[in-house]
1. Listing A:E189, B:E127, A:E116 from the residue with the fewest other Cβ atoms within 10 Å to the one with the most, what is the order?
2. Do me a favour and compute the ellipsoid semi-axes for segment B:182-310 from its Cα gyration tensor, root of five times each eigenvalue, largest one first, whole Å.
3. Rounded to whole Hz and in sequence order, give me ³J(HN,Hα) for segment A:61-67 from the Karplus expression 6.51 cos²θ - 1.76 cosθ + 1.60, θ = phi - 60°, writing x for Gly and Pro.
4. Once the principal axes of the Cα atoms of the protein assembly as shown are found, what is the range along each, listed largest first in whole angstroms?
5. When the Cα centres of segment A:58-135 and segment A:335-354 are compared, how far apart do they sit, in Å?
6. So, by mean Cβ neighbours within 10 angstrom, what's the order for A:16-23, A:327-334 with the highest one leading?
7. Going by the alpha-carbon gyration tensor, a ≥ b ≥ c the square roots of its eigenvalues, is segment B:291-333 rounded (a/c under 1.5) or, if a/c is not under 1.5, prolate (a/b greater than b/c) versus oblate?
8. What is segment B:16-118 by shape, rounded, prolate or oblate, if you read a ≥ b ≥ c off the alpha carbon gyration tensor as root eigenvalues and call it rounded for a/c under 1.5, prolate for a/b larger than b/c, and oblate otherwise?
Amino acid sequence: MKNTIKDIETILNENLNRIEAFIHSHPKVNFLFGALFEAADGLIRSTRDTAKNPPFIRNSMDVKQYMGGILVALFFGWVVPAIYFYGFLCVIPKLIVSFVVGVFVVDVIWVILAGEERINEGGFVTCLFIPAFLPPQAPLWLIGVGAAISILFRNILGGVGHNLVNPALFGRLMLTICFPTMVVSGWQEPSTGIPTIQSLMHGVDAVTHATPLIAFKETGETASFLSLMFGANTGSLGETCRVALIITGIWLCVKRIANWRIPIAYLGSVFIFSAILSAIAGKTVAPPIFQLLSGGLIFGAFFMATDPITTTYSQSGKWIFGIGCGLITVIIRGYTPIPEGVMYAILLMNLLSIPIQSIILKIKYRM
Amino acid sequence: MTKIKRMKKAYKKGFNLIEAYPVEFSETVILVKYDGPVDNFSFSFPDKKVEHIIVNLCPTEPWALPNRAVLRNRTHDFLNKLETVRSKYFPDSHCHVVVNHHEATLFNELNQYKAGANRIPPFAKGEYLHLHTIKPVYPYDAPVLIVKNILGLDIAFGQNAAEQGILLLDPQNVTGIFEYYIKENEFNTRLIPISGTGLKDNKILKVKPGTPLKRMLELYVRTDIKYRVFLDGLLNGAEVKDLTQKIDWSTRNIVVVEERDYKSLFPYTKVNELLFTTSLMGELRRCVYCNHCDDICPVNLEPALYWHCYDRGEKHKARTYALEKCIECGLCSFICPSKLELFQVIKECKSLK
Ligand code: SF4
Ligand code: SF4
């Protein structure tokens, strides 16, 4: 058994080497498929690079594992619960459209046209976000447009490492501007209880119902915390099952992929500010626990705000970043006609993170 | 599997290399014969009066000389030698012996000696001997950190500790000074540990300084793979291209590591195989602001800032971010998931005047 695997490995390895040699010896082929091959090859083989400068050994963690960790967390955090609540046929086509348009069309064309070396795996993360914060009944083309805008926007700004704001959220913002009704309707009731084949495939009948936050704006009623916690409520596709999101989010923090300071600062400040404001202003501001458990807050705090590139680099800046997000979220939710403020809060703080970072550096190093 | 598990226990400040890269040395010490010209032992005594001597018996790098090779189960002998050297050359100085906090037996032996030394007349100097324990976390034994932790004094990186009256004494040099200057015996060998995946066996060699590396390694290197040879550790040591180079009295260890310059299939199933090689274990990317580098930096710097300065072409600005505090341990490059050459960038920025 072991020998067969070894043999297959050797054959596969040799053939991959041959393909690689072929691609590199033909400039035209290299131009078109070089990056594609590198990307595919990079998934199954290690690199050839060795350390040329000290230190001569390196830690095994690399960006692929880093992004892979986020993908795994997102998969268990929202894809699995969403399949349970809304059915296979609601979730999977959205993912496929998002990946195909975002990564395999826009990113690949960009890489070929711009002559970049490789396709960046960060695109998968962005594309996995897009369906998550749209309503379950959002049409497929909307998701495709969102993914295309996000990836294009990220690439125009210079790719991973140079994006000013979270590309997925930017895509969502553009969708909100271009199709304002599409992104705030179609909140389908999730199927709960013991799953059947039927419910796992198709979900239950498409009954729509306002999200708890919209309902609160209109009637002042809060949904039960338990149903909010476990996801038996309406909301965007990926944000309803908060238990799963919290568990996977904590896992990300433990693996040190997400920085724990941001979710703590964000959720903590939402709690404190909403407690203070609802004590002062009464019914206009929702009570703290309801605030924490509704809308995209948990999803945003653990997965979107922690996107490392768009926060400040300094650790103390991350506290300020999180607290700022919390304050803006509570204010938007309480004092504007928009029911949900997580997206705007994170985007705004993304922009503010650059001045925060430079002020912190000035204080820390006394320039 | 156990090895991978251990890797996860990354330390916040500094990194426990000994857990991540376990290196076992064989018990016996092997003498390398060499008839060519050799260097004689010499020790340059500092001009300034020495107030504190620090003897570090806690190596934090797995490829460093294990302390049993120096002590050879005769801790009291060693401490007697140390006391003789101290009272003869550095009278009135305090002697600080540093041991690994896990090595309870060694610590007890030292304590017994200290208690006994106060009573037995010839060495009634127990009050000059101080014991300390540290965690074997790299780079806690770097001069700047050890002086800071043991004495609470600040020395700058690259500054000679002797200017502040501190002498960092290599345990082997204790024996050397004792034998050569006090007993006036012949002393011309040094213990050099050799280890790594490029060798068939990890050994401790007894060598006459002046012996070429080739002569030391020829019996032990693996001939079936490519390898590279490094002096004084993998993190901030130097690569040896020319094996006719000779070792000297300051050489601490030699590591020979496999050079993996080919692609291997399914690397995630082979982490153990790749771990102790020169493989970068990933591709070069842009900085993803993951904060791993400032979490691991033992002196609380933010190495990514230097890289950003460098990336923007503003090398001179790096100095404004406390660059001079860097103790050049190399951990930031080691941990960076984007495989950026942070350490190289730091050195380049430092060399700008
Ligand atoms: S900045 Fe200097 S001291 Fe800090 S980890 Fe890097 S090399 Fe070590
Ligand atoms: S470890 Fe590397 S990728 Fe992470 S913040 Fe530091 S320089 Fe950037």
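1. Ascending Cβ contact count within 10 Å gives the list B:E127, A:E116, A:E189.
2. Whole-Å semi-axes of the equivalent ellipsoid: 33, 22, 12.
3. Going residue by residue, I get 5, 10, 5, 4, 5, 4, 5 Hz, with x marking Gly and Pro.
4. Here the Cα extents, ordered largest to smallest, are 96, 67, 53 Å.
5. 24 Å
6. Most protected by this proxy first, the peptides run A:327-334, A:16-23.
7. prolate
8. Cα axes put segment B:16-118 in the oblate bin.
Here, each number is a calculation from the coordinates, and none is a lab measurement. All values derive from a computational prediction rather than experimental measurement. Here Cβ is always computed from backbone atoms with ideal geometry, including for glycine, and neighbour counts include all displayed protein chains.
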